[in-house]
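Below: the structure, in structure tokens.
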Amino acid sequence: MSKNLATLNLSDAEVTAIDATIAQLEQQLSGLVALSNTDKRRAAKLGEKSEYFCRETLRMLTENPQLVPPNLDVAEALADLKARDTLRPRLMRLTRLLQRGNDTDFALGSDAMAVATRGYSLVKMVSDREGLTEIHRDLGSRFSKSRRVVPEEKKAA
């Protein structure tokens, strides 16, 4: 017998509280942006190696304002870094929570499917005796293999 991977019983009050918390997060984080894949490809990336470069360059520009042309907004870049530093630990917590949520979703589905598969095996064994032939046929359509259509050029080869 397969083991139950997850059990989760949320009360109506808990679901309501979760929904309210998510709504509050969405409101508090309304400044988050959604970038297209094209925008992401075109944007400069701040990875681990380039972070030191970025911070040191901005520090140097702050210490030497005479080098900074008027159209280079160092203050905005520093504000962006500060906001990023504030946001990142919270995003990491949310990411871990989302990963656990996804794993739980997977486990709950797996648990249900394992029981359904065993149940189908039982129906298959007794369908003729118990008058479950039609149900067995309907459920069995999940396992039926559709015939692959071979293109004409492959048949000729």
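The values are calculated or read from the model by the stated rules, or taken from the named source; none is laboratory data. Just so you know, these numbers come straight off a predicted model, no measurement behind them. With ideal geometry, Cβ positions are generated from the backbone for all residues, glycine too; neighbour counts draw on all protein chains shown.
Taking region 39-63 as the region of interest, how many residues are at pLDDT below 95 and more than 24 Å from the chain's Cα centre (by Cα)?
1
Conditions (1) modelled with pLDDT of 85 or more; (2) surrounded by 10 or more Cβ atoms within 10 Å (Cβ to Cβ); (3) assigned to a helix (DSSP H, G or I), marked per residue:
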| residue | (1), (2), (3) |
| --- | --- |
| G119 | yes, yes, yes |
| M125 | yes, yes, yes |
| D128 | no, yes, yes |
| R147 | no, no, no |
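Based on what the data block shows, is A114 in contact with a Cys (Cβ under 9 Å, 6 or more places away or on another chain) and assigned to a helix (DSSP H, G or I)? First the steps, then the outcome.
Numbers: in contact with a Cys (Cβ under 9 Å, 6 or more places away or on another chain): no; assigned to a helix (DSSP H, G or I): yes.
Considered against the rule, which asks whether it is in contact with a Cys (Cβ under 9 Å, 6 or more places away or on another chain) and assigned to a helix (DSSP H, G or I), A114 comes out as no.
Quick one: in region 95-116, of everything that is under 14 Å from the mean Cα position of the chain (by Cα) and under 18 Å from V15 (Cα atoms), which residue is surrounded by the most Cβ atoms within 10 Å (Cβ to Cβ)?
First pass over region 95-116, keeping only residues under 14 Å from the mean Cα position of the chain (by Cα): 95-106.
Imposing the further condition that a residue be under 18 Å from V15 (Cα atoms) reduces the set to 97-98, 100-102, 104-105.
Working: L97: 10, L98: 11, R100: 10, G101: 11, N102: 10, T104: 14, D105: 12.
Filtering first and then ranking leaves T104.
So A6 fits all but one of (1) closer than 16 Å to L94 by Cβ; (2) touching a residue at least 40 places away in the same chain (Cβ under 8 Å); what number is the exception?
(1)
Does M92 satisfy the condition of being assigned to a helix (DSSP H, G or I) and under 21 Å from the mean Cα position of the chain (by Cα)?
Yes; evaluated as a whole, the condition is true for this residue.
Looking at (1) within 22 Å of T95 (Cα to Cα); (2) surrounded by fewer than 11 Cβ atoms within 10 Å (Cβ to Cβ), which is the one condition that is false for L46?
Going through the list (1) within 22 Å of T95 (Cα to Cα); (2) surrounded by fewer than 11 Cβ atoms within 10 Å (Cβ to Cβ), L46 breaks only (2).
Kindly evaluate T62 against the criterion of being touching a helix residue (DSSP H, G or I) at 6+ places or on another chain (Cβ under 7 Å) and not basic (K, R).
Values: touching a helix residue (DSSP H, G or I) at 6+ places or on another chain (Cβ under 7 Å): yes; not basic (K, R): yes.
Judged against the criteria, T62 is a match.
Would you mind stating whether S127 is in contact (Cβ under 8 Å) with a residue 60 or more places away in the chain, of a type in the set (S, T, N, Q) and touching a Ser or Thr at 6+ places or on another chain (Cβ under 9 Å)? Outline the logic, then answer.
Working: in contact (Cβ under 8 Å) with a residue 60 or more places away in the chain: no; of a type in the set (S, T, N, Q): yes; touching a Ser or Thr at 6+ places or on another chain (Cβ under 9 Å): yes.
So S127 does not fit the description; no.
Scan S30, S36, S2, S11 and give me the residue that is among the polar types (S, T, N, Q), at pLDDT below 95 and either within 30 Å of D111 (Cα to Cα) or surrounded by fewer than 10 Cβ atoms within 10 Å (Cβ to Cβ) (or both). Write out each step before concluding.
Values: S30 fails: at pLDDT below 95; S36 fails: at pLDDT below 95; S11 fails: at pLDDT below 95.
Exactly one of S30, S36, S2, S11 is among the polar types (S, T, N, Q), at pLDDT below 95 and either within 30 Å of D111 (Cα to Cα) or surrounded by fewer than 10 Cβ atoms within 10 Å (Cβ to Cβ) (or both), namely S2.
So L139 passes all but one of these: (1) aliphatic (A, V, I, L, M); (2) modelled with pLDDT under 85; (3) exposed (fewer than 12 other Cβ atoms within 10 Å of the Cβ). Which condition number does it fail?
(3)
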